[in-house]
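First comes the structure, then the notes that go with it.
The values are calculated or read from the model by the stated rules, or taken from the named source; none is laboratory data. A quick note: this is a predicted structure, and the numbers were derived from the prediction, not measured. All Cβ positions, even for glycine, are placed from backbone atoms using ideal geometry, and neighbour counts span all protein chains on display.
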Amino acid sequence: MAPEYLENGLVSPKLDVYALGVLLLEILTGKEVSALYEGSNTNLAELLIPVLHDEDAKENLSSFIDPSLQGKYPAELAFAMVRLINNCIMKDPSHRPSMDEIVQSVSRIMTATHSWEMSFSTSVSPHRLP
């Protein structure tokens, strides 16, 4: 649940933004949020600090992302997704993006991902046409 709801019972559209951020985090990591906490008593957004701000961010990203992807994803787009998730799960609801901003971000990421998939599939396909 969003911090403002747990602390004050406040309900707003930003609750849905927080919930979407949690869902996206679970999809990206392949784990439930409760498993990501692993007994730590921290703010959810703090779980993203090693991926967004450490000097070993790229290595941290690869251990953060769902291992079933087997590293087959564009790192820059994965970072874009982590930044979006981070924005969605901000403690202060006024700092979270609107749903319209989220749709625009996801649309850009999906378009770039599609382009990456097309270039990836043609570069590894043994039966490429001339």
Complete set of residues in the stretch 28-65 that are aromatic (Phe, Trp, Tyr) and touching a residue at least 12 places away in the same chain (Cβ under 8 Å): Phe64
Exclusive hit being surrounded by 13 or more Cβ atoms within 10 Å (Cβ to Cβ) and over 14 Å from the mean Cα position of the chain (by Cα), set Lys31, Lys91, Lys72: Lys91
Per-region count, the stretch 94-112, residues touching a residue at least 40 places away in the same chain (Cβ under 8 Å) and surrounded by 11 or more Cβ atoms within 10 Å (Cβ to Cβ): 5
The listed residue being polar (S, T, N, Q) and modelled with pLDDT under 90, out of Ser94, Ser62, Ser119: Ser119
Checklist (1) surrounded by fewer than 13 Cβ atoms within 10 Å (Cβ to Cβ); (2) modelled with pLDDT under 95 applied to Leu77, failing item: (1)
